[in-house]
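Worksheet for the structure shown next.
The values are calculated or read from the model by the stated rules, or taken from the named source; none is laboratory data. Quantities reported herein were computed from a predicted structural model and do not represent experimental measurements. Methodologically, a virtual Cβ is constructed for each residue, glycine included, from the backbone with ideal geometry; neighbour enumeration extends over all protein chains shown. Note: accessible area is taken over every heavy atom of the protein model, side chains too, but ligands, DNA and RNA are not part of it. Shrake-Rupley method; radii C 1.70, N 1.55, O 1.52, S 1.80 Å.
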Amino acid sequence: MKVLLRVSIFAFIVFFNAIEAQTVTTTLDVTVIDISDVNIGFNRRSDGGTPFWTNASFQSLVTEMNPDVLRYPGGTQGNYWDWSTGQFIPNTDKPWNNREVVTITQFMSVKPSATKIIYMVNLARPTPATGVDVNASEAILKSQATLDAKIDDMIDAIDEFVAQGQEPYAVEIGNEFYFGNEEGGIFHITETNGKFYSGWDATANGGAGAAIESNSKKDATDVNALFYLYQAKDVVEGIKAAYPNMKFALIGTKRGNGTSARERWNNTIFNELNTNSDFTQLKQDVYALTQHHYVNDAYNAYGVTDTNAAITDVTTAKQAIAEGIQYPLDKQLDYDQVPSDYKIWFTEYGATKDNAEDTWAAGMRHAALTYSWLSLGDKTNQLDFHHITDNNVVKTDSPMRLASAGLAAKQFMSAFSGMSEMQKINFGTNPISVGTVNSLYGYKFKSLTKETILVLNLNDTGIQNVKFDNLLTYTGTPTMTQYRSNAPWVSGVALGDTNIILNNDNISNTFNARKFSITVIEVPNQTLSFNEILIDNTSFFPNPVKDILTIHTEVQLKVVSIFNISGKEVYRTETIENKTLNLNALASGVYILKVETDKGVEYKKVVKE
């Protein structure tokens, strides 16, 4: 019996290895998704302790990660932010506590030149520049005069960005007012004797004005959301008068329990935009609605007894990583609830549960989250990891080093940045890793200059001979970069540690997706002329564009040409005033910009609205 058992085990191992060594077939999903206007990046945040934005090694790491976008000032801090000082407004409920001061000038000195800016305006509180005391009466804080002063201050901030070299491509109007808490400033819902007060009725009390009384906090949330829309309407009108091509995002939220304040906020925003004639123009001007999502301690996809227990082995590491795929899939209804008129900006996402802190599993989970949010559909238009100075992004050694999520972001952006199309990869052999989550997930990205392939292996089993050459249309020589770990539960790791392994295999038609790996394969388009040296020294905004396109570059522009999708040149100029192009005469559609500079030639995809 023992001999037979040994023979059986040996036969199984031989069989398993034979399967493993077979070529894994791949195909592309038929759906080609336009990602020319999709951005992936980070929030900026000020914390105490180690300074980041004055640290030269941090600046190098930001350049290495190459984010499409950075959100300034970012998150709840924005509801207290004074852009002119780069810190909180004094004398509020949120003390500064020696956080890192980051002015627009300092922010811009670190931001890579091609990285876009989202400016999250402070609608919650007046800055000192408005001349309004942050602790003034409710009547003053909610008055039209104070709102007008805030709008002037917002425009001054945008002027400062422009003076520092780049206009923000979008304005996000406030942060998380649906909570109705003190952090929301003028959107704080107060309670007195069982009644709830929010919003503002300027005609009450003989014209002195008063907050509106409601019988429940949910009813008060309806009032707050409507009050927010009227405030946002004026903000958009004011900023558009100065910056007509600006994009705008309004506050939305993920769903709650079905009848929560979150639903009440969303329903009011959606319904009022759709039916209230006061918001006809605002509806046209709003490009996106925001949502914030975190894998938190309460999230438990796999029946773990202690959801916050630190990962310690292969099983718990796989579970933590698989959460990155599963969480967005579990939030499909949050995606579906947003009307198709709008894009969704996930301006905060990540993991607040610390079961995988400082481990390679945290990086794999970050890559899996990013992959999975993109998979929900083409309403997904922006993904901002919760903040760029997170300990899972940057390890504060001297010099600073990329931690696991920062390295994962670098890998993802090396495949994604500057690309115009995306297709999902299907794998002929794809074992289950955890629950219903597979081992392999991948996308192929494409631009005029190159194609890239991104593949995640979330499992503890390497998968050999994954075919990729059939997925490509370009014929350049493929190069592979793969980061992986044999023990993704080990904490305290960063790039350069032995627990994070780099592989640069020579490949031609297949590659090995090693266990717990993030692989990027790049193939250049060799049909481009040899003399057309490709550069990446320019950025363009807005994109999509209605009329005026601004070119941001530090090199000398010579000629700009525009081609339609058939390859016909439809625009050409050698006279580029103020680095702007007037594309009003072009029909709506997709175009390729060819920019010739003193450093070479660059191609970009531009959408004309």
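Can you work out ³J(HN,Hα) from phi for every residue in the range 297-311, in order, using Karplus 6.51 cos²θ - 1.76 cosθ + 1.60 and θ = phi - 60°, giving whole Hz and x for Gly and Pro?
Computed from phi, the couplings for the range 297-311 are 4, 7, 7, 8, 8, 10, x, 6, 5, 10, 5, 9, 5, 4, 5 Hz.
Test of understanding: what is the full-extension gain from Thr105 to Glu554, defined as 0.36 nm times their sequence separation minus their Cα-Cα distance?
Full extension from Thr105 to Glu554 adds 159.9 nm.
What shape does the range 209-255 take by its C-alpha gyration tensor, where a ≥ b ≥ c are the square roots of the eigenvalues and a/c under 1.5 counts as rounded, a/b above b/c as prolate, and the rest as oblate?
Oblate.
Projected area of the range 71-180, taken from the Cα convex hull and averaged over every viewing direction, in nm²?
One quarter of the hull surface, i.e. the mean projection, equals 7.0 nm².
Determine how many Å³ per residue the convex hull of the Cα atoms of the range 400-474 encloses.
Each residue corresponds to 123 Å³ of Cα convex hull volume.
If you put +1 on each Lys and Arg Cβ and -1 on each Asp and Glu Cβ, how big is the dipole of the range 212-355 around its Cα centre, in Debye rounded to 20?
The calculated dipole for the range 212-355 is roughly 200 debye.
What accessible surface, in Å², does a 1.4 Å probe find on Tyr371, ignoring ligands, DNA and RNA and rounding to the nearest 10?
10
Angle, helix 217-242 long axis vs. longest principal axis of the chain, Cα atoms, 0 to 90°, nearest 10?
Long axis of 217-242 versus the principal axis of the chain: about 90 degrees.
For the full complex of protein chains and a 1.4 angstrom probe, list Phe227, Phe58 by accessible area with the highest value first.
From most exposed to least exposed: Phe227, Phe58.
How many nm separate the modelled label positions at Asn486 and Asn97, each set 7 Å beyond the Cα in the direction of the Cβ?
4.2
Would you work out what percent of the accessible area of the range 370-484, with all protein chains in place, is carbon or sulfur (probe 1.4 Å)?
Ligands and nucleic acids excluded, carbon and sulfur reach 45 percent.
Counting only other residues whose beta carbon sits under 11 Å from that of Gln281, what net charge do I get with K and R as +1, D and E as -1?
With Lys, Arg at +1 and Asp, Glu at -1, the net is 0.
Round to the nearest 10 and report in Å² the accessible area of Met108, as given by a 1.4 Å probe over the protein chains' heavy atoms.
30
Could you let me know the centre-to-centre spacing of the range 201-229 and the range 119-171, using Cα atoms, in angstrom?
22
Over all Cα pairs of the range 169-291, how is the pair count split among 5 Å bins, expressed in % and running from 0 up to the last occupied bin?
2, 11, 20, 23, 20, 14, 7, 3, 1, 0
Is the range 118-231 best put as rounded, prolate or oblate by its Cα gyration tensor, with a ≥ b ≥ c the root eigenvalues, rounded for a/c under 1.5, and otherwise prolate when a/b is larger than b/c, oblate when not?
Cα axes put the range 118-231 in the prolate bin.
With a probe of 1.4 Å, find how much accessible area the range 342-434 has per residue, and write the answer as a whole number in Å².
Accessible surface, normalised per residue, equals 24 Å².
With +1 on each Lys and Arg Cβ and -1 on each Asp and Glu Cβ, and nothing else charged, work out how big the dipole of the chain is about its Cα centre, in Debye to the nearest 20.
1680
Between Glu64 and Asn296, what length in nm is gained on full extension when 0.36 nm per residue of separation is reduced by their alpha carbon distance?
Contour length minus Cα-Cα distance gives 80.7 nm.
Per-residue HN-Hα couplings for the range 82-94, Karplus 6.51 cos²θ - 1.76 cosθ + 1.60 at θ = phi - 60°, whole Hz, x for Gly and Pro?
10, 4, 6, 10, x, 7, 6, 5, x, 6, 10, 6, 10
Find out how many positive minus negative residues lie around Lys515, taking Lys and Arg as positive, Asp and Glu as negative, among other residues whose Cβ is under 9 Å from that of Lys515.
Residues near Lys515 contribute +1 overall.
What list of ³J(HN,Hα) values in whole Hz, one per residue of the range 277-294 in order, does the Karplus curve 6.51 cos²θ - 1.76 cosθ + 1.60 (θ = phi - 60°) give from phi, with Gly and Pro shown as x?
Couplings: 5, 5, 10, 4, 6, 4, 4, 6, 7, 6, 9, 8, 10, 9, 9, 10, 9, 9 Hz.
Rg and Dmax of the chain, using alpha carbons, in Å: what are they?
25.6, 97
If you take the charge dipole of the chain about its Cα centre, with +1 on Lys and Arg Cβ and -1 on Asp and Glu Cβ, which of Tyr228, Phe346, Tyr483 is farthest toward its positive end?
Tyr483
If amide hydrogens are placed 1.01 Å from N in the peptide plane, which non-local residues have theirs closer than 5 Å to the one on Glu421?
For Glu421, the qualifying residues are Ile35, Lys446.
Could you size up the charge dipole of the range 159-263 around its Cα centre, putting +1 on the beta carbon of Lys and Arg and -1 on that of Asp and Glu, and report it in debye to the nearest 20?
That gives the range 159-263 a dipole magnitude of about 380 debye.
How much of the DSSP bridge set in the range 41-179 is antiparallel, in percent, rounded to the nearest 5?
Roughly 15 percent of the beta bridges in the range 41-179 run antiparallel, per DSSP.
Determine the calculated [θ] at 222 nm for the chain from helices alone, applying -39500 (n - 2.57) to every DSSP H run no shorter than 4 residues and normalising by the residue count; nearest 500 deg cm²/dmol.
After summing the helix terms and dividing by residue count, I get -8500 deg cm²/dmol.
For Glu421, Glu263, Glu451, write out the residues from largest to smallest accessible area, computed with a 1.4 angstrom probe and no ligands counted.
Glu421, Glu263, Glu451
Ignoring ligands and nucleic acids, what accessible area does Val134 show with a 1.4 Å probe (Å², nearest 10)?
20
Assign one of three labels to the range 333-459, namely rounded, prolate or oblate, based on the Cα gyration tensor with a ≥ b ≥ c the square roots of its eigenvalues; rounded applies when a/c is under 1.5, prolate when it is not and a/b is larger than b/c, and oblate otherwise.
rounded
Count the DSSP beta bridges whose two residues both fall in the chain, then state the antiparallel fraction as a percent rounded to the nearest 5.
70
Please compare each pair in Lys195/Lys218; Lys111/Lys247; Lys424/Lys444; Lys546/Lys579; Lys318/Lys515 to a cut-off of 18 Å on the Cα-Cα distance and tell me which ones are over it.
Lys111/Lys247
On a full-extension model of 0.36 nm per residue, what is the gain between Ala202 and Asp497, subtracting their alpha-carbon distance, rounded to one decimal in nm?
100.0 nm
Hey, if you put +1 on the Cβ of every Lys and Arg and -1 on every Asp and Glu Cβ in the range 346-448, which of Asn391, Trp360, Ser414 ends up farthest toward the positive end of that dipole?
Most positive-ward Cα: Ser414.
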